[in-house]
Every structure is written in structure tokens, then in C-alpha cells.
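Below is one structure, written out as C-alpha cells, with a few remarks after it.
Rule-based calculations on the coordinates, nothing more; no lab input. Everything numeric in this text was worked out from a predicted model, so none of it was measured. For neighbour counting, all protein chains shown are included, and Cβ atoms are generated from backbone atoms with ideal geometry for every residue, glycine included.
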Amino acid sequence: MAAAAAEMRNCKSRTVKLLCPALSKIVPYEVWEEQRLDLGSIARALGLEPSALKLNGHLIGRGANLMSSVTWKSLLNYFSGKGLPTGETDQDALIVAGKLCKVGSKFGLPYRRKARC
């Protein structure tokens, strides 16, 4: 764990702007270059279901825990090479598409646990 913490200290952080056209909403999202994409966190930030989340029209592979093996650095380099938005500014925000969550669902906002009787 100490090795992972030391590795993250050497990584560069940045804010990526995420745009959800369905909501007309731009969200600033803090990332580390060597951090793997947490698609569940991105989905929650925008109120989308993570199962069909697309970034710039690309479906990103992920495991059962909604974590991808792709790092932010490699993804943004790929998008840059293809001439796609990289999220540096509001005008260049990453386009995030997906199905809207139902309010009160596991991934929707706000989420409240049911009271036990």
C-alpha cells in the first residue's frame, strides 16, 4: 500500500471537464494520470447508469467493480490523437453519454437507504 501511495505522489493530477449533453451539464472531475478510470464514480457524478456509459462515443471496458484497466493518461492521449475532446476546458469537455438513473436508485442522486422497521 505504501508503494501505491508513493506512486500516486509522483503522478500528476488534473481536472477533466465532463459534459453530459442529455443534462446540459458540465462537471469538473479531478483525476490522477496513472489512476484507472472509475466508471461508477463518473456515472454517479452525472446521475447516469454506469452499465452503458460512453466517453466520447467509446464504450470503455470495465470489471465487476466498474473499474477499468485503462488509465486517464492513456485514455486522454488516445482521444487527443484522434482529435476528440480531452476535457481541458468547458469547450473541450469529454462527452459522457449514458442512460439517466432513476432518482433513488443505487447509482442515482440522491440515494437514500430505506428505513428498517
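For region 22-65, taking the residues that are in contact with a Lys or Arg (Cβ under 9 Å, 6 or more places away or on another chain) and of a type in the set (Val, Ile, Thr), the one that is surrounded by the fewest Cβ atoms within 10 Å (Cβ to Cβ) is identified as Ile60.
For first residues located in region 72-98 and surrounded by 14 or more Cβ atoms within 10 Å (Cβ to Cβ), partners that are of a type in the set (Asp, Glu) and lie 6+ apart or on another chain with Cβ distances below 7 Å form the pairs Trp72/Glu33; Lys73/Glu33; Lys73/Glu34; Pro85/Asp92; Thr86/Asp92; Gly98/Glu49.
On inspection, Asn65 does not qualify as at positive phi and more than 11 Å from the chain's Cα centre (by Cα).
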